[in-house]
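Remarks on the structure that follows.
The values are calculated or read from the model by the stated rules, or taken from the named source; none is laboratory data. Not measured: the values here are computed from a predicted model. Using ideal geometry, Cβ is built from the backbone for each residue, glycine included, and neighbour counts are taken over all protein chains shown. Remember, those area values only see protein heavy atoms, side chains included, never the ligands or the DNA or RNA. Shrake-Rupley method; radii C 1.70, N 1.55, O 1.52, S 1.80 Å.
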Amino acid sequence: MRSQRIKILYTIPNFNTAGSGRSVYDLVKGLDRSIFEPEVCCFHAKGAFYNEIEALGVKIHLFPFTTTYKPYSGFFFRVLKISRFFKSNQFDLIHSWHWSSDISEPLAAKIAGIPYVYTKKAMGWHSRFWKWRSRLSSKIIAVNKDMMKEYFTNIPHKVSNFPLAIDTKVYAPNSGTLYLRKELGYLENDFVIITVANLVKVKGIETLIEAVIKLNNPQIKVLIVGDDTNEYALRIKSIYSNKSFIKFMGKQLDVKPFLALSDLFVIPTKDVGRKEGIPNAPLEAMAMERIVLGSCISGIKDILEEFQDCMFMADNINELAQKIAYWYSVDLKAREKLAKRMRNHVIESFSIEEFIQNHQVLYLNLIQK
């Protein structure tokens, strides 16, 4: 019987966005502190969400927990430095939320003799290092069903499928957005579509914009929330600068007021590259009783599995336009009925309580082996 709490280190490169950072936050906040002692390690103290993590009052390490492979001659010594950091802090377990296929971190944990878990957050298996990362890991958490089928069929004993989750007490129905509607210049009968995503090509923002252009309805407005400062985003903003129905809101630490203002949430991610793992934004929208439309790709399929009519083929402007037109024309009671079903689905299938419990059981099983 252990007399001390289990010391878990969560590693994540940064808190520039609240995607994976939110999951780490929820775990650190929700773990049973009579059993677990969580700490966090990241590369730097920058990022909009860093202060939220800091406010939890846990120990935060600013340390480079990965290293470059080149020059190869010094790779092992650089890994030893990371291993010494892990060992000197007496961590019982390391749970990595790093997005990459890096093997230096799990190798350092292996040398230190510390069980190592990583969460596979996005699709993509092109690097040969993913297989090495998996071999070096004690356990792997896959966030969607396609990952289980496409990447881990040869090591099912090592992999658990835990979808990401949402705190439905934080993300709850809220109608108090009159001030924001006035601030944005929206009329009472305007139909507001929102998408929340950093503006990178894979997110398919053009598909949404072109679908709304196709409808040519002045009452349909589009709110785009997310980092829009990169080169690609600036080009998109330039292309559509003459479209008054679009508002680019930039990165927002709190998206709840924007979700509450909207009538419809759209996630139009393309079926290429890293795609999606389990995206948080549509879950947040559903928890706030907003209807979600999403492209029929990995991750989004898990979220909208019970709402097949709310999915469209990725990049299909015409199909998305038809679905937007349908929900625009449907009466308010029908929209509210589906929105309530969507919130209930999040409560039942993406519960933060179950998310935390699943992780606690996994940690205990690893430590007790």
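Considering the range 213-234, and only residues there that are closer than 26 Å to residue 280 by Cβ and charged (D, E, K, R), the residue that is most open to solvent (accessible area, probe 1.4 Å) turns out to be 231.
Just a yes or no: is a residue in the range 336-357 outside any strand (DSSP E or B), among the small types (Gly, Ala, Ser), under 17 Å from the mean Cα position of the chain (by Cα) and closer than 27 Å to residue 147 by Cβ? Before the answer, list the steps.
We begin by selecting, within the range 336-357, every residue outside any strand (DSSP E or B); these are 336-350, 352-357.
Checking the rest, the ones that are also among the small types (Gly, Ala, Ser) come to 339, 349.
Then keep just the ones that are under 17 Å from the mean Cα position of the chain (by Cα); that gives 349.
Retained after the next criterion (residues that are closer than 27 Å to residue 147 by Cβ): 349.
Checking the range 336-357: at least one residue is outside any strand (DSSP E or B), among the small types (Gly, Ala, Ser), under 17 Å from the mean Cα position of the chain (by Cα) and closer than 27 Å to residue 147 by Cβ.
Does residue 15 qualify as being closer than 19 Å to residue 116 by Cα and either touching a helix residue (DSSP H, G or I) at 6+ places or on another chain (Cβ under 8 Å) or open to solvent by 40 Å² or more (accessible area, probe 1.4 Å) (or both)? No, not satisfied. Set side by side, the residues 37, 105 differ, and just one is acidic (Asp, Glu), part of a strand (DSSP E or B) and modelled with pLDDT of 95 or more, which is 37. Looking only at residues in the range 148-173 that are among the hydrophobic types (A, V, I, L, M, F, W, C) and outside any loop (DSSP other than H, G, I, E, B), the one that is surrounded by the most Cβ atoms within 10 Å (Cβ to Cβ) is 166. The conditions of being surrounded by fewer than 18 Cβ atoms within 10 Å (Cβ to Cβ) and either touching a Leu at 6+ places or on another chain (Cβ under 7 Å) or part of a loop (DSSP other than H, G, I, E, B) (or both) are not met by residue 135.
When restricted to residues that are part of a loop (DSSP other than H, G, I, E, B) and either of a type in the set (A, V, I, L, M, F, W, C) or modelled with pLDDT of 95 or more (or both), the range 205-234 contains 4.
Could you identify the single residue in 179, 118 that is within 20 Å of the chain's Cα centre (by Cα) and not aliphatic (A, V, I, L, M)?
Values: 179 fails: within 20 Å of the chain's Cα centre (by Cα).
The unique qualifying residue is 118.
Among the candidates 83, 73, single out the residue that is among the hydroxyl-bearing types (Ser, Thr, Tyr), open to solvent by less than 20 Å² (accessible area, probe 1.4 Å) and in a helix (DSSP H, G or I). Break it down into steps so the answer makes sense when it comes.
Numbers: 73 fails: open to solvent by less than 20 Å² (accessible area, probe 1.4 Å).
On inspection, the qualifying residue turns out to be 83.
The residues of the range 339-349 that are more than 10 Å from residue 287 (Cα to Cα) and open to solvent by less than 90 Å² (accessible area, probe 1.4 Å) amount to a single one, 349. In the range 182-203, what residues are open to solvent by 30 Å² or more (accessible area, probe 1.4 Å) and of a type outside the set (Gly, Ala, Ser)? Within the range 182-203, 182, 183, 187, 188, 189, 196, 198, 200, 201, 202, 203 meet the criteria. For the range 310-334, a residue qualifies if it is closer than 23 Å to residue 213 by Cβ and of a type in the set (D, E, K, R), and the qualifying residues are 315, 319, 323. Residues that are open to solvent by 10 Å² or more (accessible area, probe 1.4 Å), modelled with pLDDT of 95 or more and under 23 Å from the mean Cα position of the chain (by Cα) within the range 88-102 comprise 98, 101, 102, listed in sequence order. Annotation note: Cβ proximity below 9 Å between a residue of the range 263-278 that is under 27 Å from residue 219 (Cα atoms) and a residue that is assigned to a loop (DSSP other than H, G, I, E, B) and acidic (Asp, Glu) (sequence gap 6+ or interchain) occurs for 263/190; 267/276; 268/315; 269/276; 270/315.
Output yes when any residue across the range 58-69 is more than 20 Å from the chain's Cα centre (by Cα), assigned to a helix (DSSP H, G or I) and surrounded by fewer than 21 Cβ atoms within 10 Å (Cβ to Cβ), and no when none is. Checking the range 58-69: not a single residue is more than 20 Å from the chain's Cα centre (by Cα), assigned to a helix (DSSP H, G or I) and surrounded by fewer than 21 Cβ atoms within 10 Å (Cβ to Cβ).
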